[in-house]
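Data block below; observations after.
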Amino acid sequence: MNKIPFGPTYDEMLHPETVKAEVRQKALKALQEDELDPVNLFNITWKNNRDEVRKMVLPSALTGVDANIVVMLGCGFPSGSHKVGPAYSTLIEGMVDNEIVPGEHTILGPSTGNFGIGTAYISKLLGFRAIVIMPDNMSKERYERIRKYGGELELTPGSESDVILTLERTHAMMKDPKNKALAQFELFPNYRFHRHVTGNSAVEAVKGVGNGRIAGFTSAPGSAGTIAAGDQIKKVFPEARIAALEPYECSTLANGGRGQHRIEGIGDKMCTLIHNVGTTDFVILIKDEETIQGLKIFHDGAEALVHMGVDREIALNLQNSFGPSGICNIIGAIKLAKFLRLGPDDNVVTVATDGFDRYHSVLADLNGRYLETTEQVLQRWTRNIFLDAGEDSVFDFRQQARKEQLYRQKENDWLKFGYTKQFLDSMREQTFWEQEYAKVQTYNEKIAALR
């Protein structure tokens, strides 16, 4: 087999400080000066240039809870989103297994946005043609970013809630043997990246915060990759509770609801194949309009927040570090903290997938829908959305009878794509997920040996 391009192992993405110093320094320089330099593969990590997890601990003046809400920031990844991690992991695993070959295969990326951007970006760095299959009603900034990285677009009808159409189109295109899909909803490199890299980074993120433990982790499933971090969090902190967040308007996991919504990147009318529902303790519903209003507060409401007691530096740091799904995750973290009656020593960890850079059009749409968004209005929204977030729409899935609901949903979604009931039943056992996670070490060795 030919050598694969020089890229990181799973362990190096978790611990960039173990990368050769000259490579690490070159990568950090490229992140600022040339994002299309392939050395940026070594910037796929939650760590900053000081080898610390990029995070914010939100003040109680914003959250209204005593518990510490710790948000890991994905906007510092190359391409601007942590989704670049599973895109790279899926492609590099295929390359070291000799199933994806440069110059021979075209890469398909089914997505509603950020994974598609990551697919286009990673394909560009590794020399592949990329086709991103996504709904035709997402923010225009997402399409522009995909084209910027040389990706081609294959658009399907609908919006965030119609991602099933992108899967159907992807499976149809895979009939051509030259097309290889980075199928984020069903391939386990997505699970492995987030369990190993995101999960262990979350454990590191709470060191020195509160009691140094994680009481809760919240994530809104799109592909359900990020929520795999919860499996690793539970390994380290067995008391941790994991909550999956859904749009109130599309409550598929909670009660089979199927509606349209505007939280880009989540709530895709399915239980994804790689979602380990056995470790999901709660499902919490979040109203989509509140995530867009929250985006407005964070981006344009610094003065309003300062007047409500938020430190000015923190208020300014909020401006460009979040998209709607990150706001959703924060609201869910607040609801979980209230539901669990957490105190000042307790930590709830969540994730901001991306930053504001791909949501200018979303905010423009909001500004067109409201007669005014004065400082007083933004303060009222802050109280309603964050400070007064209630314990409503929190569904407890810790009982086996409730988990059966999720297993049935997964069967309904994936039997039609050729998976057997026997295979789906095997996912009920935690040993299945431990075996998938154990492959991290195998791929660490393969990547290191073949690059």
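For Lys296, are the conditions met, namely being within 30 Å of Lys403 (Cα to Cα), buried (at least 18 other Cβ atoms within 10 Å of the Cβ) and not aliphatic (A, V, I, L, M)? Break it down stepwise before answering.
On the way: within 30 Å of Lys403 (Cα to Cα): no; buried (at least 18 other Cβ atoms within 10 Å of the Cβ): yes; not aliphatic (A, V, I, L, M): yes.
It is false that Lys296 is within 30 Å of Lys403 (Cα to Cα), buried (at least 18 other Cβ atoms within 10 Å of the Cβ) and not aliphatic (A, V, I, L, M).
Within the set of pairs 6+ apart or on separate chains, which have a first residue in region 318-335 that is under 15 Å from Gly76 (Cβ atoms), a second that is of a type in the set (Lys, Arg), and C-beta atoms under 8 Å apart?
From region 318-335, the pairs are Gly323/Arg358.
I'd like the full set of residues that are more than 18 Å from Glu264 (Cα to Cα) and crowded, with 24+ Cβ neighbours inside 10 Å, limited to region 72-85. Walk me through how you get there before you give the answer.
Taking region 72-85 and keeping what is more than 18 Å from Glu264 (Cα to Cα), we get 72, 76-78, 85.
Once the filter is applied, which keeps residues that are more than 18 Å from Glu264 (Cα to Cα) and crowded, with 24+ Cβ neighbours inside 10 Å, region 72-85 yields Met72, Phe77, Pro78, Gly85.
Of all residues in region 86-98 being of a type in the set (S, T, N, Q) and buried (at least 24 other Cβ atoms within 10 Å of the Cβ), which is nearest to Val348 (Cα to Cα)?
Step one: list which residues in region 86-98 are of a type in the set (S, T, N, Q), which gives 89-90, 98.
If we keep only those that are buried (at least 24 other Cβ atoms within 10 Å of the Cβ) as well, we get 89-90.
Numbers: Ser89: 27, Thr90: 29 Å.
If we take residues in region 86-98 being of a type in the set (S, T, N, Q) and buried (at least 24 other Cβ atoms within 10 Å of the Cβ), then Ser89 is nearest to Val348 (Cα to Cα).
Within region 173-185, count every residue that is closer than 20 Å to Ala120 by Cα and surrounded by fewer than 19 Cβ atoms within 10 Å (Cβ to Cβ).
Within region 173-185, the first condition is being closer than 20 Å to Ala120 by Cα, and the residues that meet it are 173-174, 176-185.
Then drop every residue that is not surrounded by fewer than 19 Cβ atoms within 10 Å (Cβ to Cβ), which leaves 173-174, 176-179.
Looking only at that region, the number is 6.
Kindly indicate the residue of region 346-368 that is of a type outside the set (Gly, Ala, Ser) and closer than 24 Å to Gly216 by Cβ and also surrounded by the most Cβ atoms within 10 Å (Cβ to Cβ) among those meeting that condition. Lay out the reasoning, then the answer.
Quick first cut of region 346-368, residues of a type outside the set (Gly, Ala, Ser) only: 346-351, 353-354, 356-360, 362-363, 365-367.
Checking which are closer than 24 Å to Gly216 by Cβ leaves us with 346-351, 353-354.
Working: Asp346: 21, Asn347: 26, Val348: 32, Val349: 30, Thr350: 28, Val351: 29, Thr353: 30, Asp354: 29.
Out of the qualifying residues, it is Val348.
Considering only region 261-288, state which residues are at positive phi and small (Gly, Ala, Ser). Quick ask: steps written out before the conclusion?
Applying the first criterion (at positive phi) to region 261-288 yields 265, 267, 269.
Answer for region 261-288, where residues must be at positive phi and small (Gly, Ala, Ser): Gly265, Gly267.
Please find, among Leu387, Leu371, Leu450, Leu378, the residue that is at pLDDT below 95, farther than 19 Å from Glu186 by Cβ and surrounded by 12 or more Cβ atoms within 10 Å (Cβ to Cβ). Outline the logic, then answer.
Values: Leu387 fails: at pLDDT below 95; Leu371 fails: surrounded by 12 or more Cβ atoms within 10 Å (Cβ to Cβ); Leu378 fails: at pLDDT below 95.
The conditions single out Leu450.
Could you grab me the full set of residues in region 6-22 that are over 21 Å from the mean Cα position of the chain (by Cα) and surrounded by 16 or more Cβ atoms within 10 Å (Cβ to Cβ)?
Quick first cut of region 6-22, residues over 21 Å from the mean Cα position of the chain (by Cα) only: 6-7, 17-22.
Scanning region 6-22 gives Gly7, Val19.
This table checks each residue for (1) among the aromatic types (Phe, Trp, Tyr); (2) at pLDDT 85 or above; (3) surrounded by fewer than 24 Cβ atoms within 10 Å (Cβ to Cβ).
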position: Gly257; (1), (2), (3): no, no, yes
position: Arg262; (1), (2), (3): no, no, yes
position: Ile274; (1), (2), (3): no, yes, no
position: Thr279; (1), (2), (3): no, yes, yes
position: Ile284; (1), (2), (3): no, yes, no
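Could you name every one of the helices (runs of 4 or more DSSP H) located completely within region 352-442 that has at least 1 residues being touching a strand residue (DSSP E or B) at 6+ places or on another chain (Cβ under 9 Å) and more than 24 Å from Ser139 (Cβ to Cβ)?
Details: elements: 360-369, 375-382, 400-414, 421-426.
Helices (runs of 4 or more DSSP H) meeting the threshold: 400-414.
Can you confirm whether region 430-439 contains a residue that is farther than 30 Å from Val23 by Cβ, surrounded by 14 or more Cβ atoms within 10 Å (Cβ to Cβ) and modelled with pLDDT of 95 or more? Break it down into steps so the answer makes sense when it comes.
Initial filter on region 430-439 (farther than 30 Å from Val23 by Cβ): 430-435.
Now drop any that are not surrounded by 14 or more Cβ atoms within 10 Å (Cβ to Cβ), which leaves 432-433.
Cutting the leftovers down to modelled with pLDDT of 95 or more gives us 432-433.
Looking for residues that are farther than 30 Å from Val23 by Cβ, surrounded by 14 or more Cβ atoms within 10 Å (Cβ to Cβ) and modelled with pLDDT of 95 or more, one finds at least one in region 430-439, hence yes.
Filter region 394-409 down to the residues that are crowded, with 17+ Cβ neighbours inside 10 Å and among the polar types (S, T, N, Q), then identify the one that is farthest from the chain's Cα centre (by Cα).
Selected residue: Gln405.
Considering only region 62-84, state which residues are under 17 Å from Asp311 (Cα atoms), part of a loop (DSSP other than H, G, I, E, B) and hydrophobic (A, V, I, L, M, F, W, C). It would help to see each step written out before you state the result.
First, the residues of region 62-84 that are under 17 Å from Asp311 (Cα atoms): 62-66, 68-71.
With part of a loop (DSSP other than H, G, I, E, B) added as a condition, the list becomes 64-66.
Val65 - this is the single residue of region 62-84 that is under 17 Å from Asp311 (Cα atoms), part of a loop (DSSP other than H, G, I, E, B) and hydrophobic (A, V, I, L, M, F, W, C).
Look through Val71, Val23 and report the one residue that is closer than 29 Å to Gly332 by Cβ and of a type in the set (Val, Ile, Thr). Spell out the reasoning first.
Working: Val23 fails: closer than 29 Å to Gly332 by Cβ.
Residue meeting the stated conditions: Val71.
Suppose we filter Arg195, Arg142 for residues that are crowded, with 23+ Cβ neighbours inside 10 Å and at pLDDT below 95; which single one remains? Please lay out each step first, then the result.
Values: Arg195 fails: at pLDDT below 95.
Every option except Arg142 fails the conditions.
Could you look through region 214-262, keep only residues that are among the β-branched types (Val, Ile, Thr) and more than 13 Å from the chain's Cα centre (by Cα), and pick out the one that is farthest from Ser139 (Cα to Cα)? Lay out the reasoning, then the answer.
Let us first name the residues in region 214-262 that are among the β-branched types (Val, Ile, Thr), namely 214, 218, 226-227, 233, 236, 242, 252.
Cutting the leftovers down to more than 13 Å from the chain's Cα centre (by Cα) gives us 214, 233, 236, 242, 252.
Numbers: Ile214: 34, Ile233: 33, Val236: 38, Ile242: 29, Thr252: 23 Å.
Among those residues, the one meeting the criterion is Val236.
The values are calculated or read from the model by the stated rules, or taken from the named source; none is laboratory data. On a predicted model such as this, the values are computed, not experimentally measured, just so you know. Please note: Cβ atoms are built from the backbone with ideal geometry, for glycine as well, and neighbour counts cover all protein chains shown.
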